[in-house]
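> There's a structure below that I have some questions on.
The values are calculated or read from the model by the stated rules, or taken from the named source; none is laboratory data. Remember, it's a predicted structure, so these values are computed and weren't measured experimentally. All Cβ positions, even for glycine, are placed from backbone atoms using ideal geometry, and neighbour counts span all protein chains on display. These area figures cover heavy atoms from the full protein model, side chains too; ligands, DNA and RNA do not enter into them. Shrake-Rupley method; radii C 1.70, N 1.55, O 1.52, S 1.80 Å.
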Amino acid sequence: MLLINNSNKMFFLFILFFSTMISISSNSWLGCWIGLEINLLSFIPLISSPNNLLNSEASLKYFLTQSIASINFLFSILLNLFFLKMFFNDLLSIIMNSAMLMKMGSTPFHFWFPNIMEGLSWFNSFILMTWQKISPMILLSYNMNFNFLIFIMILNVMIGAIGSFNQTSLRKLMAFSSINNIGWLISALLISENLWLMYFLFYSMFLFISCFLFYITNIFYMNQLFNFNFNFLIKFSIMINFLSLGGLPPFLGFFPKWIIINFMINNNLIIINFLFIMSSLIMLFIYIRIIYFSFMFFYFKLKWIKIFIKNNLFFLIYFFNMFSLSGMIISTLFFI
């Protein structure tokens, strides 16, 4: 396996970005499929590492699952070309939607997602949870089976919330949180592409801050949050981002969820709305439990163990925290 240095990483990141642009701007299904394949082949070198067995295992699992999804997508394209759409319209749209759902790690094709996340660095995890969802989501919006996607988004929010229980790994917790947010993203996509874009940007921002904080503190498991006497501002930043990801009302993360809930109420989707709100409450309970223990609980607190972290990007993190805290003011001004 070839060693990937920083210049090669930049090259593969550029190809990753470029392949997504090919997929979402193509005017044919075959062009979309080619873009997805280039995306797959550019992401695998980023996550592969000859020194880490978990990384190599993750890259192999990722390749296999994405290949199966690509085969299904190509199969549905070929059936469309052979004029079978007039006879099996619903079936073909379900096959195509299922391929895209498998690509993004959505329920019920989500079993690969937490396992692969466990073998990745925080940077690669961030790419997998955000950028790698753009192409499948946009392609999903081109050919949607409405009833099938309503069932899928309910499954996503429930399984994402239930799967987060008893997780000791932060990467697996973030994976199930991502599965939960896929349900909200699909519901936003069914309402409006602009709403989907707004939700995705907010979600990406909070996820970036969380992954960045975990990266600089080198935290991968729950007990690491309790063990060390970190700077209070770092723990405070983690708390704000967790609460924003959960969608607690005073924070900015609640704003896009509020719009989706509003739309569901106006369209009498009361049961679906109830399930979405209950799943958010479960996620909030899990986040608050982590925050409570990390603030109130130390296995040891020794004077000679002090962790000083200096990073030039901290001012940006604090700015986003203030932005998140002022979320209710921003959302109120938006609706006036």
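> Being among the β-branched types (Val, Ile, Thr), closer than 27 Å to residue 181 by Cβ and open to solvent by less than 10 Å² (accessible area, probe 1.4 Å): is that true of residue 47 here?
Working: among the β-branched types (Val, Ile, Thr): yes; closer than 27 Å to residue 181 by Cβ: yes; open to solvent by less than 10 Å² (accessible area, probe 1.4 Å): yes.
Against the criterion (among the β-branched types (Val, Ile, Thr), closer than 27 Å to residue 181 by Cβ and open to solvent by less than 10 Å² (accessible area, probe 1.4 Å)), residue 47 qualifies.
> Residues in segment 110-123 that are outside any helix (DSSP H, G or I), touching a residue at least 24 places away in the same chain (Cβ under 8 Å) and open to solvent by 10 Å² or more (accessible area, probe 1.4 Å): how many?
Taking segment 110-123 first, the residues outside any helix (DSSP H, G or I) are 110-111, 119-121.
Then keep just the ones that are touching a residue at least 24 places away in the same chain (Cβ under 8 Å); that gives 110, 119-121.
Those still in the list that are open to solvent by 10 Å² or more (accessible area, probe 1.4 Å) too: 110, 121.
Selection size over segment 110-123: 2.
> Is it true that some residue in segment 62-73 is assigned to a helix (DSSP H, G or I), modelled with pLDDT of 90 or more and over 23 Å from the mean Cα position of the chain (by Cα)? Can you show your working first?
Residues of segment 62-73 that are assigned to a helix (DSSP H, G or I), as a first pass: 62-73.
Adding the requirement that they be modelled with pLDDT of 90 or more leaves 62-73.
Remaining after also requiring over 23 Å from the mean Cα position of the chain (by Cα): 71.
Looking through segment 62-73, at least one residue is assigned to a helix (DSSP H, G or I), modelled with pLDDT of 90 or more and over 23 Å from the mean Cα position of the chain (by Cα).
> Since residue 106 meets every condition but one in (1) among the small types (Gly, Ala, Ser); (2) part of a helix (DSSP H, G or I); (3) in contact (Cβ under 8 Å) with a residue 24 or more places away in the chain; (4) surrounded by 18 or more Cβ atoms within 10 Å (Cβ to Cβ), which condition does it not meet?
Tallying (1) among the small types (Gly, Ala, Ser); (2) part of a helix (DSSP H, G or I); (3) in contact (Cβ under 8 Å) with a residue 24 or more places away in the chain; (4) surrounded by 18 or more Cβ atoms within 10 Å (Cβ to Cβ), residue 106 fails exactly one: (2).
> Let me ask another. What do you reckon, is residue 144 outside any helix (DSSP H, G or I), of a type outside the set (Ser, Thr, Tyr) and over 14 Å from the mean Cα position of the chain (by Cα)? So that I can check it myself, show each step before the final result.
Values: outside any helix (DSSP H, G or I): yes; of a type outside the set (Ser, Thr, Tyr): yes; over 14 Å from the mean Cα position of the chain (by Cα): yes.
It is true that residue 144 is outside any helix (DSSP H, G or I), of a type outside the set (Ser, Thr, Tyr) and over 14 Å from the mean Cα position of the chain (by Cα).
> The conditions are (1) out of contact with any Pro (no Cβ under 9 Å at 6 or more places or on another chain); (2) within 23 Å of residue 47 (Cβ to Cβ), and residue 143 fails exactly one of them. Which is it?
(2)
> Across segment 9-36, what is the number of residues that are under 20 Å from the mean Cα position of the chain (by Cα) and surrounded by 15 or more Cβ atoms within 10 Å (Cβ to Cβ)?
The qualifying residues number 7.
> Look at segment 81-103 and say how many of its residues are modelled with pLDDT under 90 and either on the phi > 0 side of the Ramachandran plot or buried (at least 18 other Cβ atoms within 10 Å of the Cβ) (or both).
The first filter runs over segment 81-103 and keeps only residues modelled with pLDDT under 90, leaving 81-93.
From what's left, either on the phi > 0 side of the Ramachandran plot or buried (at least 18 other Cβ atoms within 10 Å of the Cβ) (or both): 83, 92-93.
Of the residues in segment 81-103, 3 are modelled with pLDDT under 90 and either on the phi > 0 side of the Ramachandran plot or buried (at least 18 other Cβ atoms within 10 Å of the Cβ) (or both).
> Further, regarding this structure: In segment 206-215, what residues are more than 18 Å from residue 119 (Cα to Cα) and open to solvent by 30 Å² or more (accessible area, probe 1.4 Å)?
Within segment 206-215, just 208 meets the criteria.
> If you scan segment 145-175, which residues turn out to be open to solvent by less than 40 Å² (accessible area, probe 1.4 Å), closer than 22 Å to residue 281 by Cβ and either among the charged types (D, E, K, R) or touching a strand residue (DSSP E or B) at 6+ places or on another chain (Cβ under 7 Å) (or both)?
170 - this is the single residue of segment 145-175 that is open to solvent by less than 40 Å² (accessible area, probe 1.4 Å), closer than 22 Å to residue 281 by Cβ and either among the charged types (D, E, K, R) or touching a strand residue (DSSP E or B) at 6+ places or on another chain (Cβ under 7 Å) (or both).
> Separate question: Residue check: is residue 76 open to solvent by less than 10 Å² (accessible area, probe 1.4 Å), among the small types (Gly, Ala, Ser) and assigned to a loop (DSSP other than H, G, I, E, B)? Quick ask: steps written out before the conclusion?
Numbers: open to solvent by less than 10 Å² (accessible area, probe 1.4 Å): yes; among the small types (Gly, Ala, Ser): yes; assigned to a loop (DSSP other than H, G, I, E, B): no.
Criteria not met by residue 76.
> Of all residues in segment 224-274, which are assigned to a helix (DSSP H, G or I), among the hydrophobic types (A, V, I, L, M, F, W, C) and more than 23 Å from the chain's Cα centre (by Cα)?
226, 232, 233, 265, 270, 271
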